[in-house]
Amino acid sequence: MKRFIPLLLVILTACNSGDNKRMDAAKEQLMQRLMGYAEKGQIAYGHQDDLAYGHSWLVTDWENDPLERSDIKDVCGHYPALVGFDLGGIELGDEANLDGVPFGLIRKAALLHLERGGMVTFSWHPRNPLTGGDSWDISSDQVVKSILPGGDKHDEFTLWLGRAADFIRSLGPDAAVIFRPWHENVGSWFWWGGRLCTAAQYRDLFRLTRAYFEKERGIRNIVWCYSPNGNCRPEEYMERYPGDDLVDLLGVDSYEYLGNRSIEEAREGFLAEAMGALGWLATTGSEHRKPICLSETGMEGLSDYTWWTQSLYPAIKDYPISYVLTWRNAHDKPGHFFAPWEGFEGAADFKEFSELEQIVVL
Ligand code: BMA
């Protein structure tokens, strides 16, 4: 038996290096694709949770469902180029994420979308590892400190990282995806936010996450995205920037808020914020040789039926972003939607947007 152990090691190492090559190639291809869009002046369109549910429907039996429905496809005849999913809940070993989407469905839908030539991105709204609350529990400013090396919660937190990493790894070595953990981190609405940890602690958290995925789990096919909220100053963005060695893609999240304002005022506010942010992000991207994106956007409820052609498109058309992703169409909260669906009165404007030469759908 002893004689076979070296042989076994050789075989295992060979398999590993084969997987590494496949992961590296898959990541390189995704990076080229992202940079290619910007070079060609194209922008890929993405939608969160697109294949799991829509405004008026929900996949219930995912194992037997072909997962072919999409609000975007219902409206324009094409799938979005990019589909986003959230991993919140994976850290506890839950069956379904914080919005009730089974992780089995997410895996199946992600692989299906990659197979049809689409791209996949994961966000993560994990629980609060110190208080047991959710991502929005900002009752303590000790959370990040507690999970970094030396902190009381560090060991437990590495289990959380391991579970998230294992899920992504389960997609296989050819499945390169975009992962953007610890997002909207200049604002202070998540436990990893601006007033909840120091800039150094934030950067350490990002470094720990990537190092754990790569060194402990051997994952190399992730495009790592840094995506603070766009209503920050460039200095704030850079103060928490984890570093060129840790980030592959630079993003910002920026929404249009109506509140008590008129549609014109809301639009003016959004254009100012989004264009301002994309302007300095484009400069930062070229200085750091990184692709850029509008990682989350939308106008909740789309009360402006011309939002796509009059707000979103003007906001993005002059910037070299690889993609724009609008947030989810909740099936269980009628007003919480960010994209049209079949039967929605304002759907025509989205169709027009999707047919623009610059916009990429599948
Ligand atoms: C938020 C809202 C929540 C949701 C969370 C994670 O922006 O859509 O309802 O739980 O994202 O998807």
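The values are calculated or read from the model by the stated rules, or taken from the named source; none is laboratory data. Being a predicted model, the structure only gives us computed values, none of them experimental. A quick note on method: Cβ atoms are made from the backbone with ideal geometry, for glycine too, and the neighbour counts reach across all protein chains shown. Surface areas here come from the heavy atoms of the whole protein model, side chains and all, with no ligands, DNA or RNA. Shrake-Rupley method; radii C 1.70, N 1.55, O 1.52, S 1.80 Å.
One table, with the values for the structure above:
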| read-out | value |
| --- | --- |
| Residues of the range 138-170 that turn out to be among the hydroxyl-bearing types (Ser, Thr, Tyr) and either touching a His at 6+ places or on another chain (Cβ under 6 Å) or closer than 14 Å to Arg207 by Cα (or both), as a count | 1 |
| Within the range 165-201, tally of residues that are open to solvent by 10 Å² or more (accessible area, probe 1.4 Å), among the small types (Gly, Ala, Ser) and in a helix (DSSP H, G or I) | 2 |
| Some residue of the range 256-273 being within 23 Å of Glu355 (Cα to Cα), assigned to a helix (DSSP H, G or I) and not hydrophobic (A, V, I, L, M, F, W, C) | yes |
| The range 203-240: number of residues that are in contact (Cβ under 8 Å) with a residue 40 or more places away in the chain and assigned to a helix (DSSP H, G or I) | 14 |
| Filter pass, Arg33 being surrounded by 15 or more Cβ atoms within 10 Å (Cβ to Cβ), basic (Lys, Arg) and under 24 Å from Leu362 (Cα atoms) | yes |
| Of all residues making up the range 320-333, the number that are more than 13 Å from the ligand (Cβ to nearest atom) and more than 18 Å from Arg180 (Cβ to Cβ) | 1 |
| Residues of the range 305-319 satisfying the condition of being open to solvent by 10 Å² or more (accessible area, probe 1.4 Å) and either within 18 Å of the chain's Cα centre (by Cα) or under 27 Å from Gly343 (Cα atoms) (or both) | Tyr305, Thr306, Thr309, Gln310, Tyr313, Pro314 |
| Long-range neighbours under 6 Å by Cβ, at least six apart or interchain, first residue among the charged types (D, E, K, R) within the range 311-337, second buried (at least 22 other Cβ atoms within 10 Å of the Cβ) and outside any helix (DSSP H, G or I) | Arg328/Gln48; Arg328/Asp49 |
| Condition check for Ser123: touching a Phe, Trp or Tyr at 6+ places or on another chain (Cβ under 9 Å), within 15 Å of the ligand (Cβ to nearest atom), among the hydroxyl-bearing types (Ser, Thr, Tyr) and open to solvent by less than 40 Å² (accessible area, probe 1.4 Å) | yes |
| Asn229 vs. criteria under 19 Å from the mean Cα position of the chain (by Cα), under 23 Å from Ser140 (Cα atoms) and crowded, with 22+ Cβ neighbours inside 10 Å | yes |
| Count of residues meeting criterion [surrounded by fewer than 20 Cβ atoms within 10 Å (Cβ to Cβ) and either hydrophobic (A, V, I, L, M, F, W, C) or farther than 30 Å from His154 by Cβ (or both)] in the range 63-99 | 14 |
| Residue match in the range 155-164 (condition: within 16 Å of the ligand (Cβ to nearest atom), open to solvent by less than 60 Å² (accessible area, probe 1.4 Å), within 26 Å of Asp50 (Cα to Cα) and part of a helix (DSSP H, G or I)) | yes |
| Residue among Glu352, Glu287, Glu345, Glu300 that is outside any helix (DSSP H, G or I), open to solvent by 10 Å² or more (accessible area, probe 1.4 Å) and more than 16 Å from the ligand (Cβ to nearest atom) | Glu345 |
| Residues within the range 28-48 that are touching a helix residue (DSSP H, G or I) at 6+ places or on another chain (Cβ under 9 Å) and farther than 20 Å from Ser123 by Cβ, tallied | 2 |
| Counted residues, the range 39-62 - those being within 16 Å of the ligand (Cβ to nearest atom) and open to solvent by 30 Å² or more (accessible area, probe 1.4 Å) | 2 |
| Qualifying residue in the range 241-250 (condition: buried (at least 24 other Cβ atoms within 10 Å of the Cβ), at pLDDT 95 or above and not in a helix (DSSP H, G or I)) | yes |
